[in-house]
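Taking it in order: structure first as C-alpha cells, then the write-up.
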Amino acid sequence: MKIDPATDLELVRHLKASPAKVWRCWTEPRLLEQWFAPKPVVTRDVEIDLRPGGSFKTVMDVPGHGEMPGHGCFLEVVPERRLVWTDLLQGCWRPNSESFGFTAFILLEPEGSGTLYRAVALHRTPTQRDEHEKMGFHDGWGTAADQLDALAQGL
C-alpha cells in the first residue's frame, strides 16, 4: 500500500504476539475493549459484525470529554492479515453523518514468532489528516498498539 503523506497517517510496530492472537484482539469485542484506547479511556459496548458491510461500534468514555460513540463499517476482512474499516459509513453501507472522516487499514504480517503491525489512517483532506495528527494519532494509536501486544501475548 502506498502512503500519501499529505492525507495519510501510518503507525508501524513489531509486535511479539502472533498474527492469530492480534487478530483475536481486533475481532473479539471483549478483547478489543481491553486495549482499543489509551488508558484511562474506557472502551465499552463494542459490537463487531465481521464481514464486508458489517457494523463496527464502540463507545469510549474519555475523562474530561464524556462519552464518545463510534460507528463504522467493515470494507474488507482477510482473517489474520487485513482488516479495513471506515467511519464514513455505518453497517449495511449506510452513510454515517457523524463521522470523523477516515478509513483505517490494519495490516498484519507474520514476522518470526511475532507480527509486523501496520495501522494506516486515510483522510479525505490534508486538513483532516493534520487534525488527526494533532489529536495525538501517533501517541494514541502507538499506546493502543502496545496495549494490544501485551494483551495478545497473554492469550
>> For the condition among the hydroxyl-bearing types (S, T, Y), in contact with a Phe, Trp or Tyr (Cβ under 8 Å, 6 or more places away or on another chain) and farther than 18 Å from W35 by Cα, what is the one hit in T127, T86, T58?
In response: T86
> Got at least one residue in the stretch 16-37 being under 29 Å from T127 (Cα atoms), in contact with a Ser or Thr (Cβ under 7 Å, 6 or more places away or on another chain) and part of a loop (DSSP other than H, G, I, E, B)?
Replying inline: yes
>> Name the residue that is surrounded by the most Cβ atoms within 10 Å (Cβ to Cβ), counting only residues in the stretch 106-120 that are more than 14 Å from the chain's Cα centre (by Cα) and of a type outside the set (V, I, T).
In response: G114
> Which one of E28, E67, E80, E76 is among the acidic types (D, E) and crowded, with 17+ Cβ neighbours inside 10 Å?
Replying inline: E80
> Which of (1) within 15 Å of the chain's Cα centre (by Cα); (2) assigned to a strand (DSSP E or B) does Q147 not meet, given it meets every other one?
Replying inline: (2)
> Mind checking which residues of the stretch 92-105 are at pLDDT below 95, more than 15 Å from R129 (Cα to Cα) and surrounded by 12 or more Cβ atoms within 10 Å (Cβ to Cβ)?
Replying inline: N96
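Suppose we filter the stretch 91-140 for residues that are part of a helix (DSSP H, G or I) and free of Cβ contacts under 8 Å to residues at least 12 places away in the same chain; how many remain?
Total satisfying the criteria: 4.
Look at Q147 and say whether it is more than 16 Å from L32 (Cα to Cα), of a type outside the set (F, W, Y) and either crowded, with 16+ Cβ neighbours inside 10 Å or without any contact (Cβ under 8 Å) to a residue 12 or more places away in the chain (or both).
For Q147, the condition - more than 16 Å from L32 (Cα to Cα), of a type outside the set (F, W, Y) and either crowded, with 16+ Cβ neighbours inside 10 Å or without any contact (Cβ under 8 Å) to a residue 12 or more places away in the chain (or both) - is not met.
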>> Can you tell me which condition G72 does not meet? The list is (1) under 13 Å from the mean Cα position of the chain (by Cα); (2) touching a residue at least 40 places away in the same chain (Cβ under 8 Å), and all the others hold.
In response: (2)
>> Suppose we filter L155, L89 for residues that are crowded, with 17+ Cβ neighbours inside 10 Å, modelled with pLDDT of 95 or more, among the hydrophobic types (A, V, I, L, M, F, W, C) and over 13 Å from the mean Cα position of the chain (by Cα); which single one remains?
In response: L89
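The values are calculated or read from the model by the stated rules, or taken from the named source; none is laboratory data. Here the structure is a predicted model, which means the values were calculated and not measured. All Cβ positions, even for glycine, are placed from backbone atoms using ideal geometry, and neighbour counts span all protein chains on display.
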